[in-house]
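The values are calculated or read from the model by the stated rules, or taken from the named source; none is laboratory data. Since we're looking at a predicted model, the values are computed, not measured. For neighbour counting, all protein chains shown are included, and Cβ atoms are generated from backbone atoms with ideal geometry for every residue, glycine included.
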Amino acid sequence: MNDIQILGSLPLYGEQRVQGSKNAVLPMMAASLLHKGTTVLENVPQIEDVSCMVRILEKLGASIQRDGHRMEIDAANLDSCEISLDYVRKMRSSIMVLGPLLARLGQAVTYYPGGCSIGKRPVDYHVKLLRDLGIAVEEKDGRIEARAGRYEGTQLWLAFPSVGATENAIMAAVGAQGETVIRGCAREPEIVELCLFLAGMGIETVGAGTDTIRVRGQESGKSPVYRVCGDRIAAGTYLAAAAVTGGEICLNDAPTAYMKTILEVLCACGCQVMAEGSRISLKAPARLRAVPYLETAVYPGFPTDMQSIFLALLCLARGNSVIQENIFEGRFETAAELNRMGAKVRVEGRKAHITGVQSLKGAEVTARDLRGGAALVVAGLAAQGTTTIHDCEHVYRGYEEIVKDLQSLGARIEKH
Ligand code: EPZ
């Protein structure tokens, strides 16, 4: 069974380390294919999505050694260029292997990832950028087959600052002859981290973190050793958990510089937040304040991955809040589960209207997706009585030890 059971309304106290970033390490693992040698990654979170990416890389011919949070990837000898459908179904971000495979081997086969519970999640931006690079891409019966002879660097435009498409564009451009200029890039921290990682391979890029990134086509000349930064969404999740339980916690290894808007919203809700280096401390108010209007946006705006968690948090605030979800078309699935716990959330299109309640009551609920499941954990920690959350395999895709971590902060929470 993949259940989590929580006896709620216990304030969280104590210190907690923040895990390595899921959304930073996955593109780095894909990028390791660019190097005909060994790549070392440190602070790698032990989560299901990382294990899935390990299996994908091993199927391509890489050999991977793991020792705790350290991972060594030897991609010297690749003997396949196909990412199988069952992996694509398990993890849509497997699409980001396309770019490095084409740069390295000149060919790649994958499949259209199905949508998931947060939206359709097409991959048209990825396919377009490969074609704009002069790479032949055949799409038939859900299968994507890409073949690249020698391809020249060029000017690329992204219609939307898609994080994954930006990452794929950068990695594909490494295999081009000459320079590629990518405009309309995502500015997320995970792009900055990827380019820092590529620099460790001797692959120079300019502009990461802005909307224009220049990539000079080149071979990887060095075996990188790179420490993955802390996970800003996992850190935000734990801070929200302390906020809703009236607790006081301190996080270590937090990517503070990447969390500005998350911390601003926590302060707006009445929390006292102190950030120093990689430490963040939070003291919750007796009762959280509502946020009249909060909208998700591409970085540096409020991250869509925090939306479900703050939906749960604002259910308990004094007053009414509105959250507008601008990135995914279906990311309010968790509202129905929160309402089963006594929350008052009304979803209208891209807006969730929240009437704060004094308390939630424990109930049986079901996780629909990774961050929605984390939101139910946050709600269960605050609720009166016992909450049982089903289908928590979604949560373990992105949170390394959420149950143990919360237990160490005083929560009565168990895996069942
Ligand atoms: C990354 O997904 C993250 N995943 C997501 O985190 C995150 O929510 C998202 O970026 C936005 O910040 C990883 O990094 C592994 P997008 P990605 O391409 O790259 C549409 C989590 O919980 N779109 O920026 O897939 C798409 O449907 C996960 O950790 C197209 O239309 O996101 C969405 O509406 C969830 N066509 C929007 O763009 C495309 O070809 C943003 O998607 C690609 C995307």
Residue that is farthest from the chain's Cα centre (by Cα) [pool: residues in the stretch 184-239 that are charged (D, E, K, R) and within 16 Å of the ligand (Cβ to nearest atom)] = D211
Cβ-Cβ under 7 Å pairs, at least 6 apart or on other chains, the stretch 120-134 side closer than 15 Å to G153 by Cα and in contact (Cβ under 8 Å) with a residue 40 or more places away in the chain, far side near the ligand (Cβ under 6 Å from one of its atoms) and of a type in the set (G, A, S) | L129/A165
Would you check if R131 is basic (K, R), more than 8 Å from the ligand (Cβ to nearest atom) and more than 21 Å from I56 (Cα to Cα)?
-> yes
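Hand me the list of helices (runs of 4 or more DSSP H) wholly inside the stretch 1-119 holding 2 or more residues that are over 30 Å from S278 (Cβ atoms).
Working: elements: 22-31, 48-59, 85-90, 98-105.
Fully inside the stretch 1-119 and qualifying: 48-59, 85-90, 98-105.
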A careful count of residues in the stretch 20-34 that are more than 9 Å from the ligand (Cβ to nearest atom), more than 24 Å from N252 (Cβ to Cβ) and not hydrophobic (A, V, I, L, M, F, W, C) gives 1
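Within the stretch 180-208, restricting attention to residues that are touching a Cys at 6+ places or on another chain (Cβ under 8 Å) and not hydroxyl-bearing (S, T, Y), which residue is farthest from V228 (Cα to Cα)? Working first, answer last.
So the first thing to find is which residues in the stretch 180-208 are touching a Cys at 6+ places or on another chain (Cβ under 8 Å), and the list is 189, 191, 193, 205, 207-208.
After this cut, where a residue has to be not hydroxyl-bearing (S, T, Y) as well, the list is 189, 191, 193, 207-208.
Working: P189: 12, I191: 12, E193: 8, G207: 20, A208: 17 Å.
Once the filter is applied, the top-ranked residue is G207.
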How many residues of the stretch 104-130 are of a type in the set (A, V, I, L, M), out of contact with any strand residue (DSSP E or B) (no Cβ under 8 Å at 6 or more places or on another chain) and modelled with pLDDT of 90 or more? The answer is 1
Mind listing just one residue for me: the one in the stretch 322-377 that is within 16 Å of the ligand (Cβ to nearest atom) and aliphatic (A, V, I, L, M) and, of those, nearest to the chain's Cα centre (by Cα)?
-> L370
So which residues in the stretch 35-50 are within 13 Å of C229 (Cβ to Cβ) and either within 13 Å of the ligand (Cβ to nearest atom) or not acidic (D, E) (or both)?
-> L41, N43, V44, P45
If you go through the stretch 53-72 one residue at a time, do you hit one that is without any contact (Cβ under 8 Å) to a residue 60 or more places away in the chain, surrounded by 16 or more Cβ atoms within 10 Å (Cβ to Cβ) and among the small types (G, A, S)?
-> yes
Determine whether the stretch 36-50 contains at least one residue that is in contact with a Gly (Cβ under 7 Å, 6 or more places away or on another chain) and of a type in the set (K, R).
-> no
Within the stretch 83-109, how many residues turn out to be without any contact (Cβ under 8 Å) to a residue 40 or more places away in the chain and within 21 Å of the chain's Cα centre (by Cα)?
-> 7
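If I filter the stretch 24-52 down to residues being of a type in the set (A, V, I, L, M, F, W, C) and closer than 10 Å to M71 by Cβ, which single residue comes out as farthest from the chain's Cα centre (by Cα)?
The initial filter retains those residues of the stretch 24-52 that are of a type in the set (A, V, I, L, M, F, W, C), namely 24-26, 28-31, 33-34, 40-41, 44, 47, 50, 52.
Narrowing the set further to residues that are closer than 10 Å to M71 by Cβ leaves 25, 28-29, 40-41, 44, 50.
Numbers: V25: 10, M28: 13, M29: 14, V40: 21, L41: 18, V44: 14, V50: 12 Å.
The residue in question is V40.
Hey, can you tell me all the residues within the stretch 245-289 that are hydroxyl-bearing (S, T, Y) and within 23 Å of S359 (Cα to Cα)?
Matches in the stretch 245-289: T245 only.
Scanning for something more than 21 Å from D49 (Cα to Cα) and either surrounded by 14 or more Cβ atoms within 10 Å (Cβ to Cβ) or within 16 Å of the ligand (Cβ to nearest atom) (or both), does the stretch 81-101 turn up at least one residue? If you could, list the steps in order and put the result at the bottom.
From the stretch 81-101, those more than 21 Å from D49 (Cα to Cα) are none; that's our starting set.
The answer is no; no qualifying residue exists.
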Among G20, G37, the single one that is closer than 23 Å to G200 by Cα, of a type outside the set (A, V, I, L, M), in contact with a His (Cβ under 8 Å, 6 or more places away or on another chain) and in contact (Cβ under 8 Å) with a residue 60 or more places away in the chain is G20
Subset of the stretch 281-321 (residues that are within 16 Å of the ligand (Cβ to nearest atom) and aromatic (F, W, Y)) = Y299, F302, F310
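Determine whether I182 is at pLDDT below 95 and buried (at least 18 other Cβ atoms within 10 Å of the Cβ). Quick ask: steps written out before the conclusion?
Working: at pLDDT below 95: no; buried (at least 18 other Cβ atoms within 10 Å of the Cβ): yes.
Against the criterion (at pLDDT below 95 and buried (at least 18 other Cβ atoms within 10 Å of the Cβ)), I182 does not qualify.
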Collect the residues in the stretch 137-179 that are among the aliphatic types (A, V, I, L, M), within 16 Å of the ligand (Cβ to nearest atom) and not in a loop (DSSP other than H, G, I, E, B), keeping them in residue-number order.
-> V137, I144, A146, L156, V163, A165, A169, I170, M171, A172
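Can you name the strands (runs of 3 or more DSSP E) wholly within the stretch 208-309 that have at least 2 residues being touching a residue at least 40 places away in the same chain (Cβ under 8 Å)?
Working: elements: 212-216, 225-227, 248-252, 272-276, 279-283.
Output list reads 212-216, 225-227, 248-252, 279-283.
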